[in-house]
Amino acid sequence: MNTILQVERLTHTYSVGTPFQRSAVEDISFAVERGEFLGIIGHTGSGKSTLIQHLNGLLRPTAGRVLLEGKDIWAEPKKIRNVRFQVGLVFQYPEYQLFEETVYKDIAFGPKNQGKTGDALDHAVREAARLVGLRDEHLDKSPFELSGGQKRRVALAGVLAMEPKVLVLDEPTAGLDPAGRENLMANIRDFHRNQGTTILLVSHSMDEIARNANRILVLKSARILMSGTPAEVFARGEELLAAGLDVPQITRVAMALRDRGLPVDPAVYTVEGLEAQLLALKRGGGPC
């Protein structure tokens, strides 16, 4: 793997020079590898949304910079629109941004603005719809006739149709029922596995992050609190809880078992992982 996205000492300050001046992100640095699935977590107000809006140039840093494939995205301000084609951002509740008469036209809006026409445009629309689980029969419908989960898929397809190098998802399953959340995340997992696109997932759901991310970035009060693999991050469960964050449900179970005297590693974050530890204990092999 090699670095595709790099954030260097990024700071964004609102209301500069007024009594309301505050930094939403402060001196943040990290790199994202090509093909990585990075989870970003943090409580409300930690800076998650401000951070991700810098990644495709919707916000400009007060200090620091964002590099896409080694180039400062603001090096040529007139070309920032091209960055937004390469770093696709799907906002929380993106269905509120649907506006075209048909699903097809909504998905086609982005690639049309990239200059795609004819067969190339049609292929981009239909392939993006397929990737998110929308059938051809949906394409001629009004997006406003669809369910909440289907609308979310249309909005996601509209970004995928632009074939971004990096896909940034801000709470993509917010407001969906459990079945809708899992179905959408299954589509995202399949897309990542089959296309190899770099994905950054912002979520309040620790279980969602644990199941999908290869690495996790934890924000607190505008700064990075910790980063690492899911096992490394959730091994610091008490620190996460003290910071007002949560841990996956299975990690809570493991922590409770440890507190009752069982030699269980609380860094576990999947049912399968905890099951393996308990089976090893039953066999007398000690914690895994």
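Pick from segment 45-62 the residues that are within 13 Å of Val90 (Cα to Cα) and in contact (Cβ under 8 Å) with a residue 40 or more places away in the chain: which of them is farthest from the chain's Cα centre (by Cα)?
Among those that are within 13 Å of Val90 (Cα to Cα) and in contact (Cβ under 8 Å) with a residue 40 or more places away in the chain, it is Asn56.
What's the total number of residues in segment 204-215 that are out of contact with any Ser or Thr (no Cβ under 7 Å at 6 or more places or on another chain) and either of a type in the set (Asp, Glu) or over 18 Å from Glu232 (Cα atoms) (or both)?
2
In segment 36-51, what residues are among the small types (Gly, Ala, Ser) and crowded, with 16+ Cβ neighbours inside 10 Å? Break it down stepwise before answering.
Let us first name the residues in segment 36-51 that are among the small types (Gly, Ala, Ser), namely 39, 42, 45-47, 49.
Scanning segment 36-51 gives Gly39, Gly42, Ser46, Gly47, Ser49.
Take Pro164 and tell me if it is touching a residue at least 24 places away in the same chain (Cβ under 8 Å), touching a strand residue (DSSP E or B) at 6+ places or on another chain (Cβ under 8 Å) and not aliphatic (A, V, I, L, M). Before you say what the answer is, go through the steps one by one.
On the way: touching a residue at least 24 places away in the same chain (Cβ under 8 Å): yes; touching a strand residue (DSSP E or B) at 6+ places or on another chain (Cβ under 8 Å): yes; not aliphatic (A, V, I, L, M): yes.
So Pro164 passes the test.
Output the residues belonging to segment 14-35 that are in contact with a Lys or Arg (Cβ under 7 Å, 6 or more places away or on another chain) and either β-branched (Val, Ile, Thr) or buried (at least 16 other Cβ atoms within 10 Å of the Cβ) (or both).
Of everything in segment 14-35, those that are in contact with a Lys or Arg (Cβ under 7 Å, 6 or more places away or on another chain) and either β-branched (Val, Ile, Thr) or buried (at least 16 other Cβ atoms within 10 Å of the Cβ) (or both) turn out to be Glu26, Ile28.
Cβ-Cβ under 8 Å, sequence separation 6+ or interchain: first residue in segment 79-91 and within 15 Å of Ser49 (Cα to Cα), partner loosely packed, with under 15 Cβ neighbours inside 10 Å. Which pairs?
Note: pairs meeting the criteria are Phe91/Gln97.
How about segment 20-126: which strands (runs of 3 or more DSSP E) wholly inside it have at least 2 residues that are hydrophobic (A, V, I, L, M, F, W, C), touching a strand residue (DSSP E or B) at 6+ places or on another chain (Cβ under 7 Å) and farther than 25 Å from Ala155 by Cβ?
Hits in segment 20-126: 22-33, 63-68.
If I go through segment 187-217 residue by residue, how many of them are of a type in the set (S, T, N, Q) and outside any helix (DSSP H, G or I)?
Going through segment 187-217 one residue at a time, the tally reaches 5.
Answer with yes or no whether Ala231 is over 18 Å from the mean Cα position of the chain (by Cα), assigned to a helix (DSSP H, G or I) and among the small types (Gly, Ala, Ser).
The answer is yes for Ala231.
Given the criteria buried (at least 16 other Cβ atoms within 10 Å of the Cβ), closer than 23 Å to Ile199 by Cα, modelled with pLDDT under 90 and not charged (D, E, K, R), does Pro164 qualify?
So Pro164 does not fit the description; no.
Exactly one of (1) over 21 Å from Asn214 (Cα atoms); (2) among the small types (Gly, Ala, Ser); (3) surrounded by 18 or more Cβ atoms within 10 Å (Cβ to Cβ) is unmet by Gly237. Its number?
(1)
The values are calculated or read from the model by the stated rules, or taken from the named source; none is laboratory data. Not measured: the values here are computed from a predicted model. Note: ideal-geometry Cβ built from the backbone for every residue, glycine included; neighbour counts use all protein chains shown.
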